[in-house]
Amino acid sequence: MSTTWKPVALAQDLPPLVVMPVTVDGQDLALWRSATGRLAAWADRCPHRGMRLSHGFVRGEALSCIYHGWSYGSSGTCLRIPAHPDLEPPETIRVPIHAVAEAGGLIWVALSDPQTPPPDLGTLMPLRSLTVEASAKTLAALSGLTGTEVLRGTLADVEVTVVLHPVTPKRSVLHVLTADAPPEARITVSRRIEALRRQAESEGLAA
Ligand code: FES
């Protein structure tokens, strides 16, 4: 898998007008989608007084900080300061932005300049993401699937792909996708993944 692009969320979990926090390589980011569907991944820190922008709200094509309401446009520049409505904010007030892309049902973020598009995982049905307090290595070893960062195989007779995002050495996010399968089978896969989480976390406690 690409070392540049990190899988941060299932695309279905970020509808328009929603902002969520994600962490990539130790950096906290605000991941959000505008009213027209444009994705953005920004430093999760308001340039004004440092409030987390992931606590903010999306209006149209802008993200506004929940603290004093400064709002930022798609390029990260400040558009409006409510306490000074007649002031045109200087260009220097700007949120650092990162590359973000949607592919294969996932949202991918790159902190450094990506030279290639995000990995193509083929046509799959997104199932769910979940956070596990265990290393990606432990999860890969316990899963019964093949691979290291993108795990593939069969669970409950359903072809599954599990994309691992190591958030810290002891915390991972799993993004689970399946081949086309009936809802009951996908529920069973979901339960198997929850069982994997319990097992991985209990092994971590015992270690
Ligand atoms: S801290 Fe964000 S607007 Fe003040």
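Quick notes
- Selection count, the range 181-201, where residues are open to solvent by less than 60 Å² (accessible area, probe 1.4 Å) and free of Cβ contacts under 8 Å to residues at least 24 places away in the same chain: 1
- Note on the range 1-45: among residues that are among the polar types (S, T, N, Q) and open to solvent by 10 Å² or more (accessible area, probe 1.4 Å), the one that is modelled with the lowest pLDDT is Ser2.
- Members of the range 1-47 found to be closer than 23 Å to Arg80 by Cβ, among the hydrophobic types (A, V, I, L, M, F, W, C) and assigned to a loop (DSSP other than H, G, I, E, B), listed by number: Leu17, Ala35, Cys46
- Residue check for Gly76: open to solvent by less than 20 Å² (accessible area, probe 1.4 Å), within 15 Å of the ligand (Cβ to nearest atom) and under 20 Å from Trp108 (Cα atoms): yes
- Complete set of residues in the range 147-180 that are surrounded by fewer than 18 Cβ atoms within 10 Å (Cβ to Cβ), over 19 Å from Lys137 (Cβ atoms) and in contact (Cβ under 8 Å) with a residue 40 or more places away in the chain: Ala179, Asp180
- Which numbered condition Pro90 fails, given (1) more than 12 Å from the chain's Cα centre (by Cα); (2) within 21 Å of Trp108 (Cα to Cα); (3) open to solvent by less than 70 Å² (accessible area, probe 1.4 Å): (2)
- Taking the criterion of being within 12 Å of the ligand (Cβ to nearest atom), free of Cβ contacts under 8 Å to residues at least 40 places away in the same chain and under 19 Å from Leu111 (Cβ atoms), the only residue of the range 31-50 that qualifies is Asp44.
- Looking at Ser74, Ser54, just one residue is modelled with pLDDT under 95 and of a type outside the set (D, E, K, R), and that residue is Ser74.
- Qualifying position, being open to solvent by 40 Å² or more (accessible area, probe 1.4 Å), more than 20 Å from the chain's Cα centre (by Cα) and within 11 Å of the ligand (Cβ to nearest atom), among His55, His84, His68: His68
- Listed here are the strands (runs of 3 or more DSSP E) enclosed by the range 51-108 that have at least 2 residues being in contact (Cβ under 8 Å) with a residue 60 or more places away in the chain: 97-103.
- Taken across the range 117-131, residues that are buried (at least 17 other Cβ atoms within 10 Å of the Cβ) and of a type in the set (Val, Ile, Thr) do not occur at all.
The values are calculated or read from the model by the stated rules, or taken from the named source; none is laboratory data. Source: prediction; values computed, not measured. With ideal geometry, Cβ positions are generated from the backbone for all residues, glycine too; neighbour counts draw on all protein chains shown. What goes into the accessible areas is simple: the full protein's heavy atoms, side chains included, and nothing from ligands, DNA or RNA. Shrake-Rupley method; radii C 1.70, N 1.55, O 1.52, S 1.80 Å.
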